[in-house]
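Chemist: Questions regarding the structure given below will be posed in turn.
Coordinate-derived values only; no laboratory data. Remember, it's a predicted structure, so these values are computed and weren't measured experimentally. Note that each Cβ is placed from the backbone with ideal geometry, even for glycine, and that neighbours are counted across all protein chains shown.
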Amino acid sequence: MKKEIKELMELDKLFCLESQKTGVESWAKYLSKKAIMGTPKHEAYIKDRSKMVSLVGMIYRLDNIDFTWEPLHAFISKDSTLGVTTGTYIRTYKIEDKEFKEIGKYVTTWQKEEGKWKIVFDMGN
């Protein structure tokens with residue numbers, strides 16, 4: 001089990017590195033077709049993958065965007081088909097020359113699909 005936990009932690013770190021290089025493309029790569037995304041405040045969950053990709057794309061189009069996260073914990077189901085990573089994130093960007101910095105925690109649920117981990121749920125605060 002420890003091997004699978006380490007593998008999932010490393011995958012989440014790789015996902016972060018890839019997203020810094022390719023932005024929304026990395027999200028499109030890892031999002032399951034059946035993914036659900038939590039949104040800020042009390043807005044409805046997003047259950048449409050194309051809307052998720054569009055929303056994340058808007059984030060990566062912000063001026064001077066720097067979006068990083070670090071998984072701190074991971075959990076794996078007994079049958080190794082479901083996993084969770086959780087950690088901290090920092091997102092900085094500019095809008096009309098005003099700088100913003102968001103710091104928070106996130107939870108990502110991963111599921112094995114055809115032998116590869118895919119994101120089935122993602123939420124940050």
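Chemist: Report, in degrees rounded to the nearest 10, the 0 to 90 angle that the Cα long axis of helix 49-60 makes with the longest principal axis of the chain.
Modeler: 50
Chemist: In addition: Against the 2.2 N^0.38 Å scaling, with N counting residues, where does region 2-124 land? I'd like the Cα-based Rg ratio to two decimal places.
Modeler: On the way: Rg = 14.4 Å, N = 123, 2.2 N^0.38 = 13.7 Å.
Normalised by 2.2 N^0.38 Å, the Cα Rg of region 2-124 equals 1.05.
Chemist: Tell me which chymotrypsin sites (Phe, Trp or Tyr not before Pro) from region 19-104 have a DSSP coil assignment and no more than 12 other beta carbons within 10 Å of their own. Walk me through the numbers before you get to the answer.
Modeler: On the way: sites: Trp27, Tyr30, Tyr45, Tyr60, Phe67, Trp69, Phe75, Tyr89, Tyr93, Phe100; in loops: Tyr45.
Hits after loop and neighbour filter: Tyr45.
Chemist: What is the angle, in °, between the Cα long axis of helix 2-22 and the longest principal axis of the Cα atoms in the chain? Nearest 10 is fine, range 0 to 90.
Modeler: On a 0 to 90 degree scale, this one is about 30.
Chemist: Mind listing which GluC sites (Glu not before Pro) in region 4-67 are in a DSSP loop and have 15 or fewer other Cβ atoms within 10 Å? If you can, show how the numbers build up before the last one.
Modeler: Values: sites: Glu4, Glu7, Glu10, Glu18, Glu25, Glu43; in loops: Glu43.
Answer in residue order: Glu43.
Chemist: Among the listed pairs Lys33/Lys118; Lys6/Lys78; Lys29/Lys94, which have their C-alpha atoms separated by more than 20 angstrom in this model?
Modeler: On the way: Lys33/Lys118 9 Å; Lys6/Lys78 15 Å; Lys29/Lys94 26 Å.
Cα-Cα > 20 Å for Lys29/Lys94; rest within.
Chemist: Moving on. With a cap of 14 neighbouring Cβ atoms within 10 Å, and only residues DSSP puts in a loop, list the GluC sites (Glu not before Pro) found in region 53-125.
Modeler: On the way: sites: Glu96, Glu99, Glu102, Glu113, Glu114; in loops: Glu96, Glu114.
Passing both the DSSP loop test and the Cβ count: Glu96, Glu114.
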